[in-house]
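Inspection log for the structure reproduced underneath, given as structure tokens.
The values are calculated or read from the model by the stated rules, or taken from the named source; none is laboratory data. Note that the structure is predicted; figures quoted are calculated from it, not measured. Cβ: placed from backbone, ideal geometry, glycine included. Neighbour counts: every protein chain shown.
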Amino acid sequence: MNILVTGGLGYIGSHTCVALLEAGYNVIAADNLSNSKVENINKIKQITGQEILFYQIDVVNEDSVNRIFNNHKIDGIIHFAGLKAVGESVDIPLDYYYNNIVSTMVLARACKRYGVKRFVFSSSATVYGDNRVPFIENMELLPTTNPYGETKAMCERILSDIAKVPSDFSIALLRYFNPVGAHESGLIGEAPKGIPNNLMPYVTQVAKGKLEKLRIFGNDYPTIDGTGVRDYIHVLDLAEGHVAALENLKEGAHVYNLGTGQGTSVLEIVKAFEEANSIKIPYQIVERRHGDIAECYADVSKAERELGWKAKRDLVEMCRDAWKFEKNYKELVES
Ligand code: WQD
């Protein structure tokens with residue numbers, strides 16, 4: 001089966017392309033390279049020994065998307081492409097609403113036009129807002145603190161409504177928690193442009209000496225040690241969750257949490273990283289970051305029950321793989 005992966009050269013997208021190829025699917029990646037590198041095509045081939053087809057397009061462009069469907073029989077879509085920085089979304093909300101929502105509608109229209117029924121959508125735990133933990137799929141969603149989260153909630157509603165039309169769509173709405181780590185080869189991983197927003201790439205750049213110290217955003221939250229608690233999931237577990245979702249699609253739209261079900265604080269991540277890699281991470285406690293919530297972790301029973309999927313990689317592997325990629329990546333780029 002041919003699977004179109006939008007954002008297929010990005011962090012989660014490239015790992016999902018690897019998982020799809022290893023599961024026997026053919027992969028067509030579409031990416032505008034705004035937050036990814038074309039070199040990932042060769043790295044995916046190096047890891048899997050298999051080729052992927054690649055289109056450098058913007059998936060908001062309907063003609064570009066239709067060209068792919070005209071050129072290939074598409075059996076399913078995994079839609080990652082979109083803008084995803086919470087803080088940035090507050091500064092440029094129109095770009096976020098336009099890119100994230102129009103791209104989803106363009107792809108859904110193409111599916112209708114070409115009779116493609118399998119659709120896996122990249123959503124986010126951000127849609128839960130400041131709900132009580134653990135987050136459960138049938139919870140009422142609360143307003144998020146940012147346009148990014150709102151675009152994900154709106155896309156979920158659009159896809160849920162179009163899936164109500166009998167036999168038109170089988171859709172999985174996957175709510176990610178905090179993806180971290182990298183493929184064990186060290187060839188692909190999280191390489192944000194500029195100063196990282198997210199915790200783990202910031203920690204690896206401190207470990208590398210590229211950044212002086214980690215600023216921990218607040219230690220006065222009502223959590224185990226006062227620092228923010230999140231559900232960190234290895235990106236390969238997340239990628240395998242997409243394959244499981246694709247293989248267990250059923251008519252209508254169905255929501256699944258992709259997390260580990262474990263909450264880990266910032267200080268616990270620092271300690272785990274130091275112990276896993278025998279490296280000291282200097283840090284300073286600073287004021288809270290606007291928009292952060294205290295705790296965010298998943299109830300993961302539904303994905304295990306309905307998809308037969310459960311995250312299996314632990315914090316040590318997450319920290320080791322993240323560090324291996326950081327070392328390997330910087331050497332590749334600077335060599
Ligand atoms: C994790 C914890 C911070 C950086 C976001 C999006 C979410 C998803 C993942 C897209 C928090 C603390 C962080 C730093 C710190 N993205 N932190 N110093 O905010 O939980 O989730 O990214 O889908 O939608 O909301 O991830 O890695 O930014 O923060 O102390 O330099 O680390 O306060 O407690 P977050 P994060």
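What to note about this one:
- From Val60, Val65, residue being out of contact with any strand residue (DSSP E or B) (no Cβ under 8 Å at 6 or more places or on another chain), within 27 Å of Leu249 (Cα to Cα), surrounded by 19 or more Cβ atoms within 10 Å (Cβ to Cβ) and modelled with pLDDT of 95 or more: Val60
- Members of the stretch 167-206 that are touching a Gly at 6+ places or on another chain (Cβ under 7 Å) and near the ligand (Cβ under 10 Å from one of its atoms): Phe177, Asn197
- Restricted to the stretch 71-126, and to residues there that are over 21 Å from Ser36 (Cα atoms) and without any contact (Cβ under 8 Å) to a residue 24 or more places away in the chain, the residue that is nearest to the ligand (Cβ to nearest atom) is Asp91.
- If only residues of the stretch 267-299 that are near the ligand (Cβ under 8 Å from one of its atoms) and within 23 Å of Glu317 (Cβ to Cβ) are counted, the one that is surrounded by the fewest Cβ atoms within 10 Å (Cβ to Cβ) is Cys296.
- Of the residues in the stretch 138-145, none is in contact (Cβ under 8 Å) with a residue 40 or more places away in the chain and touching a strand residue (DSSP E or B) at 6+ places or on another chain (Cβ under 6 Å).
- Residues in the stretch 306-327 include at least one that is closer than 26 Å to Ala191 by Cα, within 16 Å of the ligand (Cβ to nearest atom), touching a residue at least 24 places away in the same chain (Cβ under 8 Å) and not in a helix (DSSP H, G or I).
- For the stretch 207-266, a residue qualifies if it is within 12 Å of the ligand (Cβ to nearest atom) and of a type in the set (Ser, Thr, Tyr), and the qualifying residues are Tyr221, Thr223, Thr227, Tyr232, Thr264, Ser265.
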